[in-house]
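Reading through the structure tokens given below for one structure.
None of the figures in this text is laboratory data; all of them are computed from the coordinates on show. Everything quoted here is computed from the prediction, not taken from an experiment. Neighbour counts run over all protein chains shown; Cβ positions are idealised from the backbone, glycine included.
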Amino acid sequence: MGGLFGGFVVVGMTLVLKSGIDFVGAQKTWMTIAVPLLGLLLTGLVLHGIGRSGREPRSWRTFAPGAVRADITGDVVASAGEEEHFPWRLAPLRSVAALATVGLGNAMGTEAPAAYFGVAAGAALGDRGRRWRRMLRPMALGGGAAGVAALMGHPLVGTAYVLELGRRHHAPLSTERLLAALIGGVIGWGIDVVFGLSLIRLVVPHEAPRSFAQGLVTALFIGALSGLITALAGSAIYRAKKWRASPVVRFLVGGLAVVATALLLAWIATPSTAVGPGGGAIVWAENVKAVPLALLAVALLRGVATTAATAAGGCGGIFVPFLAVGDLAGRVFAPGLGIGDDLAGSAGAAGGIAGGYRLPVTAVAMVLGVGGPRLATLTSLGAVAVAYAAAVAADAMLARLKRLPPPRPRAAGGAPLGAAPTATSTTRTQTQTRTPASTP
């Protein structure tokens, strides 16, 4: 029941979001830059103008004190394993915010709304009384899995996504949760197949590496680059999401960065590469034989665009944007490694999910669901492992940099201020301060 209700709710929401993205992407350059900025402004007005802080759990517009109001994924994670506490009454307000952010062309994804509104639909259905409330947890979990599976077109991706995301809140992998997620994933995939939706087009590798050694080198290079870029972008996005600034300051700073990034993308590639989660950028990469440096620049700028939209208070996801960033990063090595663009793109996309979003099991499920030649699948799985290792290494490096003491200001003589004087500096000071004897 949760899978059916949540799946259809998410499909309807996603179709509206895609229509808005396609509309903005087909406009003139100034429209593709101005409309996403307007969407961020509307998002802030909805979440911080209509929304308020308080302790009224049954209010449709009251957020918990200190809550990041645009962080819809945070609610899915925080309620994992105890979905009866999911704030589903805020879903109408956040649906308007997601439509304003993602539907008006900002560089944020549709997977977070899919998971959020799927869980919200299941939780709302289960919160109908004591007898129904006993089924609320599997209903909510099934709704979330169905929403993501319908979006991605693969049952195991929806199942793995909600379960792996729930592990961040230490939700147990019980038989009940596993069964609910599996049933929800199958239902969401069935909705996609029956209605022929294809809400997201994943790149399928058609050409396998010529040898196992070439596949190994491909996995190493593409996995390392896609994992490193998306890991650094993910760290920046997390800090931008938790930035404790006023909504006005966030909109001004983040909005300025959104405009600057869109102008750079329009100059390097096309205006459509700046619109939406990244589908326009992948279409550009497929149709234009861009040089590797241009592909790398677009991949980096797409990560900056998602970070900027998050900093401005945008309400959306980063899973699908990481697919695009990883895809573009993988294509950088296609000419040098002598492999097809489709293999480079699919391996990079899988690496982007494992490295940037830290969901290696979901990335593996996506690779197995996409299919392709066996050696191409093994190459993409290797890219997932390398990307995840690169992301862990990048996290360790950033943590070590944060622990480094700040540089101490130095005095004119070169010694740090407040440091104990050395023997040489003491002797020099005494020599400089000794006065000659007075003469008659």
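Would you mind checking which residues have amide H under 5 Å from residue 63's amide H? H placed 1.01 Å from N; only 5 or more apart, or other chain.
Answer set, sorted by chain and number: 52, 53, 54.
Along each principal axis of its Cα atoms, how long is region 88-190 end to end? Whole angstroms, biggest number first, please.
39, 30, 28
Within 15 Å, Cβ to Cβ, of residue 266, how many net charges do the neighbouring residues add up to if Lys/Arg are +1 and Asp/Glu are -1?
For residues surrounding residue 266, the net value is +2.
Scan the chain and hand back the longest stretch that contains none of the trypsin sites (Lys or Arg not before Pro) lying in DSSP loops with at most 16 other Cβ atoms within 10 Å.
290-433
Using a Gaussian network model on the chain with a 10 Å cutoff between Cα atoms, which of 56, 207, 84 fluctuates the most?
Ranking 56, 207, 84 by mean-square fluctuation puts 56 first.
Calculate, axis by axis, the spread of Cα positions in the chain along the three principal axes, and write the results as whole Å, longest axis first.
111, 61, 49
Does region 30-152 classify as rounded, prolate or oblate by the C-alpha gyration tensor (a ≥ b ≥ c root eigenvalues; a/c under 1.5 gives rounded; else a/b over b/c gives prolate, otherwise oblate)?
Values: a/c = 2.69, a/b = 1.50, b/c = 1.79.
It is oblate, given that a/c is not under 1.5 and a/b is not larger than b/c.
Can you pull out the chymotrypsin sites (Phe, Trp or Tyr not before Pro) in region 168-214 that DSSP calls coil and that have at most 14 other Cβ atoms within 10 Å?
Filter output for region 168-214: empty list.
So what is the 222 nm mean residue ellipticity for the chain from helices alone, if each DSSP H run of at least 4 adds -39500 (n - 2.57) and you divide by all residues, rounding to the nearest 500 deg cm²/dmol?
The helix-only estimate for the chain comes to -22000 deg cm²/dmol at 222 nm.
Where the centre of each part is set by its Cα atoms, how far does region 304-328 sit from region 28-48, in angstrom?
Cα centroid of region 304-328 versus Cα centroid of region 28-48: 15 Å apart.
Where does the charge balance sit around residue 361 when Lys and Arg score +1, Asp and Glu -1, over other residues with C-beta under 13 Å from its C-beta?
It works out to a net charge of +2.
Tell me the chymotrypsin sites (Phe, Trp or Tyr not before Pro) within region 18-71 that lie in a loop according to DSSP and have at most 14 other beta-carbon atoms within 10 Å.
Answer in residue order: 60.
Mean-square fluctuation check for the chain, GNM, Cα pairs under 10 Å: which of 118, 371, 255 is largest?
371
If the cut-off is a Cα-Cα distance under 23 Å, which lysines reach residue 242, setting aside same-chain residues fewer than 8 apart in sequence?
402
Go through region 247-257 residue by residue and turn each phi into a ³J(HN,Hα) via Karplus (6.51, -1.76, 1.60, θ = phi - 60°); whole Hz please, and just put x for glycine and proline.
Working through the residues one at a time gives x, 5, 5, 4, 5, 5, 6, x, x, 4, 5 Hz.
For Cα pairs less than 8 Å apart in space and 6+ apart in sequence, what is the mean separation divided by the residue count of region 253-408, i.e. the relative contact order in percent?
This gives 18 percent for region 253-408.
Could you derive backbone 3J(HN,Hα) for region 277-289 from the dihedral phi with the Karplus parameters 6.51, -1.76 and 1.60 (θ = phi - 60°), listing whole Hz in sequence and x where the residue is Gly or Pro?
x, x, x, x, 5, 5, 4, 4, 5, 6, 8, 10, 7
When each pair of different Cα atoms in region 212-401 is counted once in the 1/r mean, what is the Kirkwood radius in angstroms, to one decimal?
Roughly 16.3 Å, rounded to one decimal.
In a GNM of the chain with a 10 Å cut-off on Cα contacts, which of 62, 101, 230 has the highest mean-square fluctuation?
Of 62, 101, 230, the most mobile in the Gaussian network model is 62.
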